[in-house]
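A short worksheet on the structure shown next.
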Amino acid sequence: MSRFLLHRLLQGLVSIVGASIVIFLISRLSGDPVQILLPSDATPEMIAETRRTLGLDLPLWHQYVIFAWDALRGDFGRSYRWQMPALRLILDRLPATILLAVCGLIFSVAVAVPVGVLSAVRPGGWTDRVGRIFAMLGQAMPAFWVGLLLILLFAVQLNWLPAFGYGGVSHIIMPAIALGWYPVAAQTRIVRSAMRDVLDSDYIRLSRALGTPERWIVWKYALRNAAVPLLTMLGVYFAAMLGGAFVVETIFAWPGVGRTVVEAVFSRDFPVVQAGVLFTSILFVLSNLLVDLTYGIVDPRIRDDR
Amino acid sequence: MNHWRISVLAALLASITAGAAAQIPKPATGNLTIAFAAEATMLDPAKSSAGVDQYFFGQIYEQLVRPDPSLKRVNWLAESWSVEDEGGKPVIDVHLRQGVKFHTGDTLTSDDFAFAYNRLRDNKVSKWSHLQASVEAFEIVDPYHFRIHFKQGDGSYVADNLQLWAMSKAYFDRVGDETFGNTPVGTGPWKFVSRTIKEDLKLEAFDDYWNPTQRPTVKNLTIKIIPEDLTRVAAFKTGAVDWIDSVPPSMVEEFRKMPGVTTASYVSPNNMYIAMDAIDDAVPMHDVRVRQAAAYAIDVDAIIKSVLFGQGERYAEVGKGEIGYDPDLKPYPYDPKKARALLAEAGYPRGFDIPCYNLTTQREPYQKEMGEAVFAYLSAAGIRCKVQGQEYGAWISFGRRDRPGHIDGFYSNMWGHGLPGDPGTPWAGHVHTYVPGAGWGITSVHSDPELDALIEQLKATMDLPERDALIRKIARIKHDRVAGGLTTYRPIVTFAWHDNVTFVGWPTPGFWRNLQQIGLKQ
């Protein structure tokens, strides 16, 4: 197990270094931040001076070496726009995004698992049909639209929830639903199909023959085995939510890292983009590692194989 | 004493007392939460990199001169000022208002403006050092009197509210650069309390503010940042905020009819235009007839009505109310027949194909769609646009003359100025011929020696009435020759507030978002 863990950690490290190189190069290919930073009537001398101050006049490899060395020491440079450490800008906002992604994931799983299970238990039944409609709607409604509909209904019409902002439990409900809505559809399909396979297996038939109550069979024996494919995807969904939180963060004025990084991309604020992407990569690797570890809890055979 | 005499005396005393009471402002009370669509990045005027930064720091810092709500220029921290001649070189002589205090309690003196000047001219600190380039020396005469000596005339210095912000030297010396920038201290009506990036800015009315009549009457103000239009509107409708900026153009009419809501619409200082390459002999727009054809080909009024829901104001070179505005100078009328005739006359009876670059990042509402509509009109007249979208970063690099490559067509562009606006600096950038290293024509794709000479004269002119006359003259020539681009419209921005709020829009700093006079109804 520890060898497996070490192996995955090394793989994760390679992925993070790879991501850092890719984002470093891509961001610099996207254009010159100095043009955006300075007023339109700034003189060429001012542009050259600013470029020199920011170290953007150095060869690309030299810039990367400086970035990598500083990053190893926890220094991601200062934001060109905000004039503050890029790391602080990201870390201050990261908890809000993680909270949003976790709540979005919890919402999607909390909806997808029962709907998927009920659809699988009675294929063609009304729960299955409702589940399919639900899945279709989930795939057809983008997060920004779901978000706006939720605001119109629960904030403007019913006045139950705040329309925007970051604060108590009431603030997270709509953003989490908007973010978690889209993956519900795919997760429902994964659970349904996995449950169908498991429910058709021999040991389930044997359990039924032995008179085990159907509720036990479905929720205790079958679901545990059917959960493995969903777990595999959860890491990916979590990462997708971290990356895709930007839209929801904008709609709900949620002070997360997604909005910060996307705005930094548009303003060519390289230090913030690099720090943001690197930290998202780290979270991605960690979430996948966590998923790998939970396999063993769900299915002891996997744990023993390692 | 007779009864009537006592009554008259009492009435007189009462009126005097009431008058005196009217002069003493009631202490600010209550809390107010409002929302802006955009957020400032820097709170330090020297380090600010965009006009949007003034939305925040403009509540805290003040200048020597500013326009009032009717756009009339008034002395603010300057009690008086004048432009004088000293040995053939201009000098701005400023007498400061006395008794003005910073939020720290320090008194504003000439030392603070000397500090501000030095900070603003330092290109390692300031992004606006080029605006101080004409200044030769800053001379302190006494604590309330200073003189700014110029190497040569600089009209934009005068036109742009004397360029300097009141920054506390004592505060900077005490706290250093970082705290100075993050915890701003000014002389303005609002004191900084706290800021959470991407969330809000909290301010408190400054009790010792020098201006007793024009000041906020609410004690605590929170400015929320809500970038999404519909969310901002929802926050307003639910009462979570009581004042919003940037009502979406499609909803302005609905807001105007909303009970219990007041709206105010202002013309933005952003001037939209269609730039076109007129330098290169190989491009058709080198010929003035083709440029005029383009001007006749576009029905700007129809586009404003249908795309912007009427939330734009057409202008010809200089907007209404700005310095040098000429009511007799009218925009080109929509005349597609004339456009085709001019194209034929210029040797393009069948029109021509040309790249048209459109900014796709929405710097102003529906800007992308406005560009698309303009290019569609050009295509209909025979100037067949091959539209290419550009996001902001690519677009801004594209427009600068020091970039590699070449502008070979039309592109949607804009130029901004203060309020009331003076086009001197923008014209020096996009109308004057590009002169490498000299600061002229940084974004220009035009060359006209007559206009160059006039723009250079304008730069040196520090007398405002003279500037006004010169701007009118340049505008007329520019208009006739469609030089430096084709002016189209200026966006209209609408604010809305609930009836429990009082608000008077001050144009600067902050482009009508200055909260000099905001409060709750008693």
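Some notes on this structure:
- Under 18 Å of direct C-alpha separation, and excluding same-chain neighbours fewer than eight residues apart, B:LYS89 reaches these lysines: B:LYS151, B:LYS459.
- Per-residue average of Cβ from other chains inside 10 Å of B:198-204: 4
- Long-range HN-HN contacts of B:GLU313 with modeled amide H, under 5 Å: B:ARG490, B:ILE492
- The angle between the Cα long axis of helix B:336-345 and the main principal axis of chain B comes to about 50°, on a 0 to 90 degree scale.
- Computed P(r) (all Cα pairs; chain B; 20 Å bins; percent): 21, 50, 25, 3, 0
- Take each residue of peptide B:224-233, count the partner chain Cβ atoms within 10 Å of its Cβ, and average: the result is 6.
- Over all directions, the projected convex hull of the C-alpha atoms in region B:162-298 averages 15.3 nm² in area.
- Highest-first packing order for the peptide set B:478-491, B:310-323, A:165-178 is B:478-491, B:310-323, A:165-178, based on the mean count of other beta carbon atoms within 10 Å.
- Using the Cβ-Cβ distance between B:SER80 and B:ALA469 with R0 = 35 Å, the FRET efficiency computed as 1/(1 + (r/R0)^6) comes to roughly 0.90.
- Under 5 Å between amide hydrogens, built in the peptide plane, is the criterion, and for B:LEU96 it picks out B:GLU79, B:HIS145, B:PHE146 among residues at least 5 positions away or on other chains.
- Volume per residue that the Cα convex hull of region A:161-267 spans, once the total is divided by residue count, Å³: 114
- Taken over the Cα atoms of region B:51-140, the convex hull encloses 136 Å³ per residue.
- Taking N as its residue count, the alpha carbon Rg of region B:303-398 over 2.2 N^0.38 Å: 1.25
- Quotient of the Cα radius of gyration of region A:43-178 and 2.2 N^0.38 Å, N being its number of residues: 1.65.
- Computed over region B:115-207, the convex hull of the alpha-carbon atoms projects to a mean area of 7.8 nm².
- Radius ratio Rg over Rh of region B:349-426, counting only Cα atoms, Kirkwood formula for Rh: 1.02
- Between A:TYR64 and B:ALA344, the modelled labels are 6.0 nm apart [label points 7 Å from Cα along Cα→Cβ].
- By the rule of a C-alpha distance below 21 Å, with chain neighbours fewer than 8 residues away ignored, the lysines paired with B:LYS386 are B:LYS368.
- Only lysines eight or more places from B:LYS219 in sequence, or on another chain, were considered; those with a Cα closer than 16 Å are B:LYS26, B:LYS191, B:LYS202, B:LYS521.
- Once the gyration tensor of the Cα atoms in region B:348-392 is diagonalised, the equivalent ellipsoid follows with semi-axes of 23, 10, 5 Å, ordered largest first.
- √(5λ) per eigenvalue of the Cα gyration tensor, region A:49-118, largest first, Å: 41, 14, 10
- Packing around the peptides B:30-36, B:231-237, taken as the average count of other Cβ atoms within 10 Å per residue, puts them in this order, highest first: B:231-237, B:30-36.
- Cα Rg, Dmax, region B:365-486, angstrom units: 15.7, 45
- Close amide H partners of B:VAL241, meaning residues 5 or more places away or on another chain with modelled amide H under 5 Å apart, are B:PHE236.
- Equivalent ellipsoid semi-axes, region A:182-239, via Cα gyration tensor eigenvalues times 5, rooted, Å: 26, 9, 9
- Cubic angstrom per residue, convex hull over Cα atoms of chain A: 161
- Highest to lowest packing among A:188-198, A:261-271, scored as the average C-beta count within 10 Å: A:261-271, A:188-198
- Per-residue average of Cβ from other chains inside 10 Å of A:30-38: 5
- For the pair region B:339-405 and region B:137-187, the centres of their Cα atoms are 42 angstrom apart.
- Hydrodynamic estimate: the Kirkwood radius of region B:226-347 over Cα pairs, inserted into Stokes-Einstein at 10 °C and 1.306 mPa s, corresponds to D of 90 µm²/s.
- Calculated SAXS-style log₁₀ I(q)/I(0) at q = 0.04, 0.08 Å⁻¹ - the protein assembly as shown, Debye, Cα scatterers: -0.22, -0.82
- Alpha-carbon centroids, region B:430-464 and region A:164-226: separation in whole Å: 70
- Taking 0.692 mPa s as the viscosity and 37 °C as the temperature, the Stokes-Einstein diffusion coefficient of region A:99-250 based on its alpha-carbon Kirkwood radius rounds to 199 µm²/s.
All of the numbers you see were taken from the coordinates with simple rules; none came from a lab. Computed from a predicted model, the values in this text were never measured in an experiment. Positions of Cβ are backbone-derived with ideal geometry, glycine not excepted, and every protein chain shown enters the neighbour counts.
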